Each structure stands twice: as structure tokens, then as C-alpha cells.
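Reviewing the structure listed below.
The values are calculated or read from the model by the stated rules, or taken from the named source; none is laboratory data. Quantities reported herein were computed from a predicted structural model and do not represent experimental measurements. Cβ coordinates were reconstructed from backbone atoms using ideal geometry, including for glycine residues, and neighbour counts include every protein chain displayed.
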Amino acid sequence: MQGIYTYHVEVQDEVDEAVFNAASPIQVQGVRLNGANSRLIIYADQSGLIGLIRHLHQQGFVLLSVFREPFFQEKGNENSNRR
Amino acid sequence: MPGDLLQTKLYTPRLRPSFVPRPHLIQKLNQGLHRKLTLISAPAGFGKTTCISEWIHTLDYPATWLSLDNGDDDPRRFVTYFIAALQKVDMTLGQDSEDLLSAGQLSPAEIISTTLINNMLALADHFLLVLDDFHVIQDRFILQFLENLIANIPPPLHLVLITREDPPLPLARLRANNLLTEIRARDLRFNTHDTAIFLETLGLSLSPKDIAALEKKSEGWIVGLQLAGIALQSSLSVQNESDPSAFIAQLSGSHRFFLSYLTEQVLDQQSEEMRQFLLQTAILDKLHGDLCNAVTERTDGRFLLERLFNANLFLIPLDDEGEWYRYHHLFRDLLRDRQHVLRGEETAVLHQRASQWYVQANMINMAIHHALAAQDYEMAVDLLESYAMQMIMQGFVKTVNGWVEAIPERWRSQSPRTNLAFAWMHLLRGAYPQASPYLEQLHATLDNDPILQQTEAETSLKADWLVMQSLVLYMEGKLAESKSKAEHALAIVPEQDDRVRSLAYYALGSVCQASLEFDRAVHFYQLAIQYGRAAENLVAEMMSMTNLAMIALEHGKLHLAYEIAAPIDERNEQSGSLPPMSAVVYGVLGELFIQWYQLDRARQYTQRSLQLSRFGGYNTAVVLGHVTLSRLAQIEGDLEAALEEIQTAVNLLPVELPEYIRQEVTAQQVNLYLACNRPAAAELALRRQGFSFQDQFIFPDFPSEQAISHSLGLLYNSSLRYLLNLAKNGRTPDKLKAGIDLANRLITATLQSQKTLVALTTYLLRAQMYAACGEIQASHSDYVNALELAETEGFIGVFVEQGQPVAHALTQSRQFGRVSKGYINNILAAFTHLQSPSTIDQVSFLVEPLSERELEVLRLMADGLKYKEIATQLFISLNTVRYHVKALYGKLNVNNRTQAISAARQLELL
Amino acid sequence: MTDEQPDMDQPAIYQIRIKGHVSQQWADWFAGLTITLEADGNTLLTGPIVDQAALHGLLKKVRDLGVPLLSVNLVESSANSDLQTSVS
């Protein structure tokens, strides 16, 4: 929850990284094009993630997937049931 | 009043006596004070609000707080509360924006934010503005407003946003430029030390091992810890045998839903009456003793609230009097969930009771909210019937829209007033398609309603509906039917209903204007203005004034047009607001000052008109604005700029626009192309409008010999100019004859319909055509005709736009009828001015000199005194100082102290 | 007016994985979704979501509950039959 993770957020259509970052609440670290879709990589806590998803939604992007990398950096102790 | 402003929303949360101090957070926040913005972004229950209120209490300077809720995601409401919050810091802030809010049509976000920014710039002292629960805001207008505010944040303001998710604002950019201070979940979470102190404040003394276990289980999540603490507290006091370690051990720490478990624990520990009270009052967003009594049918609501507060049960006070409280959002949600599971069938009744209480308390927003929650649509529709029109006219569009959408179709149709309100809103903005579903609804409900014995309210409703139909028919071009509906409305409208009366007169005015009965149109518009004012209905008043000004202008009554248009501009200036509706008024002022040959003012007004019409989405006014700018550039000899402007206008033409716009654009295209020596392009433009210059001069038929529209007159005039250009090359004398014939008919028609502006140009063109044919006497008498027609109103632009041949002709004769020499000299001076445009240094003189007082204030400002100190020194109030500062900024055309001082030095005022 | 843009209004099946086990009594919070408790201690919510706005409403609930979000996946969509599921 309070931890900062790497999230992968995939949406339909192409996201222009520079244009997107200019208005985004969260800096997108990279955009990988995956066919007609875009995979955004961000480094954020959950409030940041949800804010980003909402921003994408308001820009009209269709959300395909979100994926939190299992464990990256964690100061809290949310890792109690880490696999 | 439906827009009830709840002071509880502006309450800065006070600190509980037993809070856990967070020095490292305070330090981080303090370090961020020099940045524009502080963002507190973390999930519910991380103590965001507490953290900021603790911080505020340590600060020396004023802070103002706005707690947002779902209802505030309406631009009108948000801005109202935003200004109210600012006024807690300084009453003068946003005062000039209040008119603009009540105008019923919200100004563009940028204009509102700029106005407020300018207000805040005048403040001497720093202050903090906290927007709590900002995640409820998703409205684009509001976000735009804040984006502008943040981008141009005035130095006195430090903005704090508290939210559960990062708001859709360009924060990444701010972050990258180090303009943002952030406090996030990981900063807020309690560490073991905080946990220990917190448990102590609850009177729990646990072993270090238990504390560590609890911290680990709760993951530093404050609300979880608090709930666990309370559960532990009561379990220890109730059941003495309880072992804290065992209690902690059984908390399922692996996930968040242990909150639910804890809530049950806490609820179970309450007495039956308290448990029921908690569950029943959870439907409320705000708690008041009386309101709780109404909902629970008890009499001790206030007492129970105090007990809950003292028991630390997530009750947050919203004022200092102990009147209003709210539950912690997360706790409230959990309670609602329990209530739903345990006694869901009861919930609707509770909402109904709440709704009734709010009606009694005259807080209509909340009353409707609860009526909808109870699915009591009869009540919701009743309330809408009484309040929707007023609220929509006040600009609470989104709020009302949200309610209407929550009401099922069959109930909606039973609310004619609400449908009327929406239809009006769309119609008055010229959005006919959006209005039509409401109109259909209204036809269905009101047309089959032949009640003879009607109450005043019913008659009023009927009159309202008739006026609306009249305006729709007018827009469809059905003038006779439109007129009869408006007259019918006037015949039955009740004495008191000035709003409907003013709109009916507006409709009649429009019909008369379209039928070219101008005297009657003016009469009706004046009545519309008079009743619009009485009803404080800015819309009818403004639309009527605009049309009046337009008629006056086209009829060549420049002074009258100015008298009508200038007060609108003045009022806008005074209120600092620019309703997009006034775009056309600024267009009129632009044309007026071209004619009076004050080109800078003409350009200013035209640009303002353009800006407003772009904001308001009024495409016709956008196109006309570019046409005027093109003409201005052409007058000033900048043909390249003129071409650019007309091209912009042409590019907008594919947008669905009325024919008259195309005529105005073509007329300027032709005039400009000829000035650029591109006759082929001019010919093409005219050919597209049905003109031909091949073998003989062919032009489209007159729609009527008696009357002609302004724009069609302009188009014919431009064809005459093209003929003149042909003649310049020494050919086509017979075409010139045909041109003179057209000019004769044009002059008859324009004079008959009093289209003076067009007639003047036609006279001047005919004068030149006569001259080209060698008929010097006829030419001279046309100059006399034009000058005599133009003198009283002081027309100049129309002569200058004809170019050098006219200047030449005016110097050729000593006498032009009864026209004064002075007037002719004025016109000639304009031509001279044209040849050698003087470049006046912008700051080399002041249009309006500073008053003695303003100079004194300015000098003290230059000495570095704060406003308070200036006030003391000059024995005047702080507000008077601000007033002078604002005035002198305006005169110096600057925005802040530094600019003012430097401008004053340049002008040697200091 | 400041209304939101229309979404791609196609119903689709989404899978949302959150951390921790949700007890069945919380089913109301996620009305219409099938709740599956996974062996590794997480919860999988699966079900039809009418449009993007509804999906966002659901994520808002996750946000307001303060529960860690692990993944979201569009598994089946009438509009995009060729979409692949992300690996998680």
C-alpha cells in the first residue's frame, strides 16, 4: 500500500510518452508499443497508480491490464506473504 | 436558498488533545513551503487530514480549509466554495467574481482563475489553502481551473491538495521541476515509535513485543491501528480476562479486511442503542443532533454524538460549537455496509426521514440527495419542480443534471419545470439539438393539458412553455407562428412573472427584427431589458441589449450603439467577469471604433470578442472577429496580416454557419484581394456567391426591393468594388453602368430599411463609379450624400476603407453641401494618419493620470512598505490601499509591485 | 459542459487480483463479480464489466477500501477478440 512498486499498465492504442507526461500526474518511465497497444511502465505507490489509471481513463484509453511487479522496493512490511 | 453554503465545509479541523506529534512530517512540510504546491496523496485512513491540521496549527500565517464532497464536482459549486474559502483569509478576495457566478453562465475557467490570481497578487501576506478530499474532483472545468491556478500561482498562496489518488493535473512536470512537495502513504504510516505513543494516548500500555506486532499487523495504517486500539481498549475494560497478545495474534494481518473484523468487534462492544444509532446514522454524510433525531426517531441525538466523540469513535467535529460532525469516511463506509447487510430494508426509510429534515432546514441539495437515495422519486421530482429552474439559472447545471439522470424516465416526464429549465439552458446557448429531447418531453406533458381553471403556477408554467415554443419557431424561421405564441404567452402570463415576460418580449423583438420591422423590434427589446432587469434575468437582458446594439450599429446610429454596448463592457470590467454571451457586444464595439477611427480600441474589443466567442463556442462570432481583424490590418496597411486573418476566417467556414457569415467573409476577401492586386482571386470569391463578370455583370437577385440585410449589402458592395477595379484598367464602361444600376437599387433598399452602414459605402462606391464615367457632378453629389448621412454620427472608418480615391475627392472640392469643414478635415486627418502610422511608445504617457493618493501609495510601495504599513501611514483602511493599488496597476498596465515600480520609474513618477 | 468523454462502451470480462483474502460478506462491495480465494493468499475478482467507467468505479472501491491492487486483466472482450491476456 505505502510501498513503491513498478507497475505495468497496458492500454489500447498508442500513447505518446512525451505528450502524455506533459499532463500526467505520474511520470511514465517508458512506453512500449505492443502491436496496437501501449504498455506504460511507472514507478509509484498505489495512490499514484490509481491516479494514473484515472488519467488514462479520462483521456479515453481502454484499460487492458495492470500488473504489479512482485517485489521491487519495500520499506513497509507488506511482504508478509511474499512468494 | 438551494445553493446553501455549509460553513462546515470551510471548517479547519481542530486537533484532538491526544494526537501523535509528527515532527519529521512537519519539517518536510515546512521545507516545502517555498514551492507552489503540497500534495498529500495516500489511501483512506492514513491520517492525511490530521497531519495537515497539525501542521497548520504550528504555522504563523493564516490557513483556510475546504472539505470537498461528491456534490462539489460541479464547477459552479466548486468555484463558489473556493471563493468562500479564500474570503476567510481576506473578504475582498473574489468579490468581483461573485457577479460572474450569479450570471447563470459560468465564465471560462481561465477567466475565473486569472481574476482570482490577480486578487491574490494584491495580498501582502502569505496564506495556505487546503483542499481536502480532492479525489472527488474529476470535472474538467474544475481541473482546468486548478491547472491554471497552479501554473500561475500567485506568490502569497500556497496550495495543499489532500487526496486518495494523484489528481489528473500535470504533476509529473511540477515534480520534475522541483515545484512539488509530496507526502505519501510511506511518509504517513506510523512506525513503531508512533504506534507506541498512539497506544499510550488510548490509555493502553502494551509490551514492546505487542506494540511491534500491532504495528506489523496494521502495516502502520493509522485507521487500522486506531480501530484495533479501540477494540482492544473496550475488550480489556469489559472482559478483564482478555489478553492483549492473544487479541493481537488473532488479527489477520495479511490483508486489509481485518478492518471489517475490527468494526464488528467495536460494534459488538457498544450498547444495543448505540449500535443501532451508529448503523442508522451512517447513511448521513454530516451529523447534527436534530438530524440524527429525525433519522433515528430519538430525542438524544446530540448527547449520543458527544458520547461517540468522547469515546474516540471516528467522529470528526465540523465546527467549534459541537453542532455538526461527520464519521471518518472509512468507518462510515464500513458502518453503511453493516447496516446494509443487517437491516438493508430499513435504509430507504432512513433516507426519507433525512430528506424531510433537510427540506425543513431549507438545504435542498441534501434533501434531494437523500430523496434519491431513498428512491423516493415523487419527493425528488417535487423538489426539482420547486428549485430546478432557479438552480440552473444560477449555474448549478451539472448538479441538477446529475439528479435528473438519477430519476427514472417515467418520473422525469412528470417534472415539466425541470424539463423547461434544461430546455431553456440549451436554447439560450443556441444548442438546439441538445434542447430537443426536453422539448419532446414538454410537448408530451404540457400540450394535452386543457385545464381552464388554472392556478397562477400552472398559468406561469404554460406561459413559459409558450415563450419557449415561440423562440424555437423563430429559430426555425416560422415567424408568424412564433409571434402568435409569444403574444399568447404575454396575454396569460401572471403579473409577477417578469422572467417569462422578458423572454416573451425578447421573442417578439427577434421576430420583428427578422421581419425588418426595426422600430417595433427596438420597442420590444427595451421591454425585454426592463423586465429582465426586474427579474434579475441577465440572459434575456443581455441578449436583448446585444441585438439592440447590433440594430443600432447597422442603422448607423453609432452613439446609440455605444450607449447600449458600453455599459455592458463597464459592468464586465467592474465585476472582472466576461460572460461569453457578451462576445457579440464586443464585436459591435470593435466595429464602432473602426468607424470612429480609434483603431487600437477597435482591435482590443475585437480581440476580446474573439476570445470570448472561442471560449463560449460561438463560431459565428469567431469568424466575424477574424474578418474584423483582417479589415483592421488592411486599414493599417499590413496586407500580409490581413490575408492571414481572412484565411483563418475562411478555414472556419466549413463549420455549419449561417449564410450571412459567408457573405461577410466574401465581402472582405474581395476587398482585400483587390487591395493586394489579386483581381482573379477576388473574382473567384464573388463567382462562388453567384456573381459573374464575363460578358455582362450578373448578380444574384434581390430577395426584396424594400429591404436588404446588412451582410448581403456588404457582398453587393464588394462586387461594385470589383467593377471599379476593372474600370481602373480602362475597360468595361458598360459593366460600370450596370454597377451604377445595382448601386441605385441598393441605395433605395438600404435607405428604406435604414441600413446606413451599407448605404454609406454604396454612396462612396457610386461616387467613384460616376467619377470613372466622367460624371463629376453626380459623383460630387454622392459624396455630399455620404457625408451628410455620416456627419452627425462621426463616421470615419467607412471613408478610410475606400482608400486614396476618396481622400483625393475630398480635397478636390471646397464645399460638400451643409457638411462642416471640420468633419471633412477629421476624415482627411485619418487618411494622413494612415500614410505615416505614428508609433507611440506604450509607456511614454499615461492614458489616465494617477491620482494624488495613488501616487502616495505607489511611493510607499516603492519604499518597500507592506499594505498594512501603508494603511497605517496614510490613515486609510487596508481595503482602501488595495483599491488604490488595483487602480494604479490598471493605469500603469502592470500586474505586480515590481512592474509597477519599474513602470513608474520609466514615467518619472518616482 | 464538462462531461467526461464517452468510453468504449463495450462490456468485457475483467479479472482483478487484490492482496489478501476477502471474506464472502464483502461480496456486496464487488457486486456481480465472482470472488475466488487463491492459495497464495490473494483474492481474484472475475466478472463482466459494462464499460470503462464501471471498471474505474470498481478500482475506486479498491482505492477506498485501501486494499493493495496486484493486477487487472481484460480476459474477454466483445470488441477485441484478439487481445492477449497479460502474464501475471
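Look through segment B:382-397, keep the residues that are at pLDDT below 80 and of a type outside the set (A, V, I, L, M), and return whichever of them is farthest from B:Ala504 (Cα to Cα).
As a first pass, look at segment B:382-397 and keep what is at pLDDT below 80: B:389-397.
From what's left, of a type outside the set (A, V, I, L, M): B:390, B:394-396.
Values: B:Gln390: 18, B:Gln394: 20, B:Gly395: 22, B:Phe396: 24 Å.
So the residue we want is B:Phe396.
Suppose we filter B:Arg164, B:Arg186 for residues that are facing another protein chain (nearest Cβ under 10 Å) and within 22 Å of B:Arg77 (Cα to Cα); which single one remains? Don't jump to the end; show me each part of the working.
Working: B:Arg186 fails: within 22 Å of B:Arg77 (Cα to Cα).
The conditions single out B:Arg164.
I'd like to know if segment B:655-675 contains one or more residues that are hydroxyl-bearing (Ser, Thr, Tyr), at pLDDT 90 or above and surrounded by 14 or more Cβ atoms within 10 Å (Cβ to Cβ). Even if it seems obvious, please write down each step before you answer.
Of the residues in segment B:655-675, the ones hydroxyl-bearing (Ser, Thr, Tyr) are B:660, B:666, B:673.
With at pLDDT 90 or above added as a condition, the list becomes B:666, B:673.
Applying the additional criterion that residues be surrounded by 14 or more Cβ atoms within 10 Å (Cβ to Cβ) yields B:666, B:673.
There is at least one residue in segment B:655-675 that is hydroxyl-bearing (Ser, Thr, Tyr), at pLDDT 90 or above and surrounded by 14 or more Cβ atoms within 10 Å (Cβ to Cβ).
Scan segment B:138-176 residue by residue and report those that are touching a Phe, Trp or Tyr at 6+ places or on another chain (Cβ under 7 Å) and under 19 Å from B:Lys48 (Cβ atoms).
Correct list: B:Leu161, B:Ile162, B:Thr163, B:Pro167.
Please state which of the following conditions B:Ile197 fails to meet, knowing it meets all the rest: (1) on the phi > 0 side of the Ramachandran plot; (2) more than 44 Å from the chain's Cα centre (by Cα); (3) not acidic (Asp, Glu).
(1)
Has segment C:54-63 got at least one residue that is crowded, with 17+ Cβ neighbours inside 10 Å, farther than 20 Å from A:His55 by Cα and either modelled with pLDDT under 85 or touching a Lys or Arg at 6+ places or on another chain (Cβ under 9 Å) (or both)?
For segment C:54-63, residues crowded, with 17+ Cβ neighbours inside 10 Å, farther than 20 Å from A:His55 by Cα and either modelled with pLDDT under 85 or touching a Lys or Arg at 6+ places or on another chain (Cβ under 9 Å) (or both): absent.
When you scan segment B:118-161, how many residues do you find that are within 14 Å of chain A (Cβ to nearest Cβ), more than 22 Å from the chain's Cα centre (by Cα) and modelled with pLDDT under 95? Break it down stepwise before answering.
To start, the set of residues in segment B:118-161 that are within 14 Å of chain A (Cβ to nearest Cβ) comprises B:133-144, B:146-148, B:150-151, B:161.
Retained after the next criterion (residues that are more than 22 Å from the chain's Cα centre (by Cα)): B:133, B:135, B:161.
Add one more test, that the residue is modelled with pLDDT under 95, and what stays is B:133, B:135.
The total comes to 2.
Just to verify a result, which residue in segment A:5-27, among those that are assigned to a loop (DSSP other than H, G, I, E, B) and surrounded by fewer than 20 Cβ atoms within 10 Å (Cβ to Cβ), is nearest to the other protein chains (Cβ to nearest Cβ)? Quick ask: steps written out before the conclusion?
Narrowing segment A:5-27 to residues assigned to a loop (DSSP other than H, G, I, E, B): A:13-16, A:24-27.
Checking which are surrounded by fewer than 20 Cβ atoms within 10 Å (Cβ to Cβ) leaves us with A:13-14, A:16, A:27.
On the way: A:Asp13: 10, A:Glu14: 15, A:Asp16: 14, A:Gln27: 4 Å.
That would be A:Gln27.
Collect the residues in segment B:63-75 that are buried (at least 22 other Cβ atoms within 10 Å of the Cβ) and either at pLDDT below 90 or assigned to a loop (DSSP other than H, G, I, E, B) (or both), keeping them in residue-number order.
B:Leu68, B:Asp74, B:Pro75
Would you mind listing the helices (runs of 4 or more DSSP H) fully within segment B:253-369 where at least 3 residues are of a type in the set (D, E, K, R), touching a residue at least 40 places away in the same chain (Cβ under 8 Å) and within 14 Å of chain C (Cβ to nearest Cβ)? Don't jump to the end; show me each part of the working.
Numbers: elements: B:258-268, B:272-281, B:289-296, B:301-310, B:329-343, B:347-360.
Ranges flagged: B:329-343.
Kindly list, by first and then second residue, each pair from a residue in segment B:209-225 that is touching a residue at least 40 places away in the same chain (Cβ under 8 Å) to a residue that is of a type in the set (Val, Ile, Thr), limited to pairs with Cβ atoms under 7 Å and residues at least 6 apart or on different chains.
Every condition considered, the pairs that remain are B:Lys217/B:Ile248.
Inspect segment B:500-523 for any residue being part of a helix (DSSP H, G or I), within 17 Å of B:Ala463 (Cβ to Cβ) and of a type in the set (D, E, K, R) and give the result as yes or no.
Checked against the condition, which is being part of a helix (DSSP H, G or I), within 17 Å of B:Ala463 (Cβ to Cβ) and of a type in the set (D, E, K, R), segment B:500-523 yields at least one hit.
So which residues in segment B:738-753 are surrounded by 22 or more Cβ atoms within 10 Å (Cβ to Cβ) and β-branched (Val, Ile, Thr)?
The answer is B:Thr750, and nothing else.
Restricting attention to segment B:618-644, which residues are free of Cβ contacts under 8 Å to residues at least 24 places away in the same chain and in a helix (DSSP H, G or I)?
So in segment B:618-644, the residues free of Cβ contacts under 8 Å to residues at least 24 places away in the same chain come out as B:633, B:638, B:640-641, B:644.
B:Ala633, B:Glu640, B:Ala641, B:Glu644 - these are the residues of segment B:618-644 that are free of Cβ contacts under 8 Å to residues at least 24 places away in the same chain and in a helix (DSSP H, G or I).
Could you grab the pairs with beta carbons closer than 9 Å, sequence gap of 6+ or different chains, first residue in segment B:47-68 and closer than 15 Å to B:Lys88 by Cα, second one part of a loop (DSSP other than H, G, I, E, B) and among the aliphatic types (A, V, I, L, M)?
Listed by first residue and then by second, the contacts come to B:Pro62/B:Val89; B:Ala63/B:Val89; B:Thr64/B:Val89; B:Ser67/B:Leu318.
In segment B:651-668, is there at least one residue being touching a Leu at 6+ places or on another chain (Cβ under 8 Å), of a type outside the set (Phe, Trp, Tyr) and more than 27 Å from B:Ala514 (Cα to Cα)?
no
Of the residues B:Phe82, B:Phe78, which single one is assigned to a helix (DSSP H, G or I), modelled with pLDDT of 90 or more and within 14 Å of chain C (Cβ to nearest Cβ)? Even if it seems obvious, please write down each step before you answer.
Values: B:Phe82 fails: within 14 Å of chain C (Cβ to nearest Cβ).
That would be B:Phe78, the only listed residue that is assigned to a helix (DSSP H, G or I), modelled with pLDDT of 90 or more and within 14 Å of chain C (Cβ to nearest Cβ).
Only one residue in B:Ala767, B:Ala807 is in contact with a Phe, Trp or Tyr (Cβ under 6 Å, 6 or more places away or on another chain), under 18 Å from B:Ala675 (Cα atoms), part of a helix (DSSP H, G or I) and hydrophobic (A, V, I, L, M, F, W, C), so which one is that?
Values: B:Ala767 fails: under 18 Å from B:Ala675 (Cα atoms).
Within the list B:Ala767, B:Ala807, the selection yields B:Ala807.
If a residue has to be facing another protein chain (nearest Cβ under 7 Å) and of a type in the set (Lys, Arg) to count, how many in segment B:189-220 make the cut? Write out each step before concluding.
Applying the first criterion (facing another protein chain (nearest Cβ under 7 Å)) to segment B:189-220 yields B:189, B:216, B:219-220.
Retained after the next criterion (residues that are of a type in the set (Lys, Arg)): B:189, B:216.
Looking only at that region, the number is 2.
Tell me, which residue of segment A:55-72 that is in contact with a Leu (Cβ under 8 Å, 6 or more places away or on another chain) and assigned to a helix (DSSP H, G or I) is farthest from the other protein chains (Cβ to nearest Cβ)?
Restricting to residues being in contact with a Leu (Cβ under 8 Å, 6 or more places away or on another chain) and assigned to a helix (DSSP H, G or I), the top hit is A:Leu56.
I'm trying to understand the selection: among the residues of segment B:524-557, which are modelled with pLDDT of 85 or more and not in a helix (DSSP H, G or I)?
Selection gives B:His555, B:Gly556, B:Lys557.
Take the residues in segment B:743-759 that are in contact with a helix residue (DSSP H, G or I) (Cβ under 7 Å, 6 or more places away or on another chain) and over 11 Å from B:Gly713 (Cα atoms), then tell me which one is modelled with the lowest pLDDT. Walk me through it before giving the result.
Of the residues in segment B:743-759, the ones in contact with a helix residue (DSSP H, G or I) (Cβ under 7 Å, 6 or more places away or on another chain) are B:743, B:746-747, B:750-751, B:754-759.
When the remaining residues are screened for being over 11 Å from B:Gly713 (Cα atoms), the result is B:751, B:754.
On the way: B:Leu751: 89, B:Gln754: 83.
For segment B:743-759, the residue satisfying everything is B:Gln754.
Which one is surrounded by the fewest Cβ atoms within 10 Å (Cβ to Cβ), of the residues in segment B:869-879 that are modelled with pLDDT under 80 and in contact with a helix residue (DSSP H, G or I) (Cβ under 7 Å, 6 or more places away or on another chain)?
Among them, the one singled out is B:Ser877.
Considering only residues that are in contact with a Phe, Trp or Tyr (Cβ under 7 Å, 6 or more places away or on another chain) and outside any helix (DSSP H, G or I), which ones fall in segment B:850-899?
Listed by number, the list holds a single entry, B:Asn895.
One residue is enough: does segment B:449-459 have a residue meeting the conditions under 19 Å from B:Glu541 (Cα atoms) and either at pLDDT 85 or above or of a type outside the set (D, E, K, R) (or both)?
As a first pass, look at segment B:449-459 and keep what is under 19 Å from B:Glu541 (Cα atoms): none.
Looking for residues that are under 19 Å from B:Glu541 (Cα atoms) and either at pLDDT 85 or above or of a type outside the set (D, E, K, R) (or both), one finds none in segment B:449-459, hence no.
Filter segment A:33-46 down to residues that are surrounded by fewer than 19 Cβ atoms within 10 Å (Cβ to Cβ) and of a type in the set (A, V, I, L, M) and give me whichever is nearest to the other protein chains (Cβ to nearest Cβ).
Among them, the one singled out is A:Ala36.
Kindly evaluate A:Gly30 against the criterion of being out of contact with any strand residue (DSSP E or B) (no Cβ under 9 Å at 6 or more places or on another chain), surrounded by fewer than 23 Cβ atoms within 10 Å (Cβ to Cβ) and more than 12 Å from chain B (Cβ to nearest Cβ). Quick ask: steps written out before the conclusion?
Numbers: out of contact with any strand residue (DSSP E or B) (no Cβ under 9 Å at 6 or more places or on another chain): no; surrounded by fewer than 23 Cβ atoms within 10 Å (Cβ to Cβ): yes; more than 12 Å from chain B (Cβ to nearest Cβ): yes.
So A:Gly30 fails the test.
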